[in-house]
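A quick write-up on the structure given underneath.
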Amino acid sequence: MSETEFLIGRSSLDLQDDFYPDDMPSEWRFDYYSTMFKALSLPIDTDEDLDQIFEDLEETEEEFELVLSIEQAQLIDTKQLATLLSSVADYQQHFTLFCEVDKTPTKMVMGLLEGYRVCFQSSKPLKLGLKEALVNGQYLSFNQNPVLFSSEVWDEKQMRAYIEKVSGINARTILICKFAESETLNKIRIIAELLGF
């Protein structure tokens with residue numbers, strides 16, 4: 001039995017399945033979401049109030065992983081990357097930067113990312129001197145916790161098979177089910193707990 005800890009969440013706070021109380025102000029969504037789930041992915045240039053989210057993360061003792069995703073075009077444009085990072089630099093200990101890439105980031109890009117928690121996903125090994133894992137034909141290169149993104153819709157059997165398959169990658173693994181609703185996220189969390197993860 002693996003000792004992997006899965007931190008399970010989704011992309012965006014826009015759950016459509018009556019997850020949030022009807023009268024809840026939108027600025028309270030993150031606080032409410034983070035009581036149920038332990039990970040969330042947002043684009044780095046999100047419309048969500050990142051300052052408020054970072055403030056909430058600093059105030060809580062609960063374990064939570066925020067993933068800020070970035071497009072490859074934003075990553076390779078060093079001027080744009082520097083601008084995006086400047087808006088979150090004070091909070092770099094509170095998130096992992098994730099990017100799907102089709103080529104190895106340059107030394108200049110990696111220099112800008114020094115001190116950040118990062119995870120890259122690629123169809124080929126990147127040879128960046130980071131930890132690497134092969135998952136479903138994709139290579140993950142990461143310096144702290146891997147971020148597994150899935151946009152697949154699974155039944156319970158597929159959820160179990162996936163969790164068992166990826167359980168040996170790292171002691172802590174962030175699992176983002178891109179557009180899953182709260183019922184699906186809860187099922188995945190329960191299956192991981194029943195499997196002892």
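The values are calculated or read from the model by the stated rules, or taken from the named source; none is laboratory data. Computed from a prediction, not measured in an experiment: that's the story for all the values here. Neighbour counts are summed over all protein chains in view; Cβ atoms, including those assigned to glycine, are modelled from backbone coordinates with ideal geometry.
List of remarks:
- If you filter the range 15-50 down to residues that are among the charged types (D, E, K, R) and surrounded by 12 or more Cβ atoms within 10 Å (Cβ to Cβ), you find that the one that is nearest to R189 (Cα to Cα) is K38.
- Looking only at residues in the range 1-35 that are free of Cβ contacts under 8 Å to residues at least 12 places away in the same chain and either part of a loop (DSSP other than H, G, I, E, B) or closer than 23 Å to E152 by Cα (or both), the one that is nearest to the chain's Cα centre (by Cα) is D14.
- Hey, D47 of a type in the set (D, E, K, R), part of a loop (DSSP other than H, G, I, E, B) and under 19 Å from S150 (Cβ atoms) or not: no
- Residues being under 16 Å from the mean Cα position of the chain (by Cα) and either within 23 Å of Q92 (Cα to Cα) or buried (at least 19 other Cβ atoms within 10 Å of the Cβ) (or both) - total across the range 123-145: 6
- Qualifying residue in the range 74-96 (condition: at pLDDT below 95, part of a loop (DSSP other than H, G, I, E, B) and out of contact with any helix residue (DSSP H, G or I) (no Cβ under 9 Å at 6 or more places or on another chain)): no
- The requirement of being within 20 Å of R117 (Cβ to Cβ) and not acidic (D, E) is fulfilled somewhere in the range 153-167, by at least one residue.
- Top-ranked residue of the range 55-79 - restricted to ones that are of a type outside the set (D, E) and within 23 Å of A180 (Cα to Cα), ranked as nearest to the chain's Cα centre (by Cα): V67
- You will find that of E156, E114, E152, the residue that is under 17 Å from F6 (Cα atoms) and surrounded by fewer than 15 Cβ atoms within 10 Å (Cβ to Cβ) is E156 and no other.
- In the range 169-197, the residues that are at pLDDT below 90 reach residues that are small (G, A, S) and in a strand (DSSP E or B) with C-beta atoms within less than 8 angstrom, at least six apart or across chains, in these pairs: I169/A133; N170/A133; K178/S11; K178/S41; K178/S150; F179/S11.
- As a summary of the residue check, S26 satisfies the conditions (1) over 20 Å from L175 (Cβ atoms); (2) polar (S, T, N, Q); (3) at pLDDT 95 or above except for the one numbered (3).
- Residue check for L40: outside any helix (DSSP H, G or I), under 12 Å from the mean Cα position of the chain (by Cα) and closer than 25 Å to E71 by Cβ: yes
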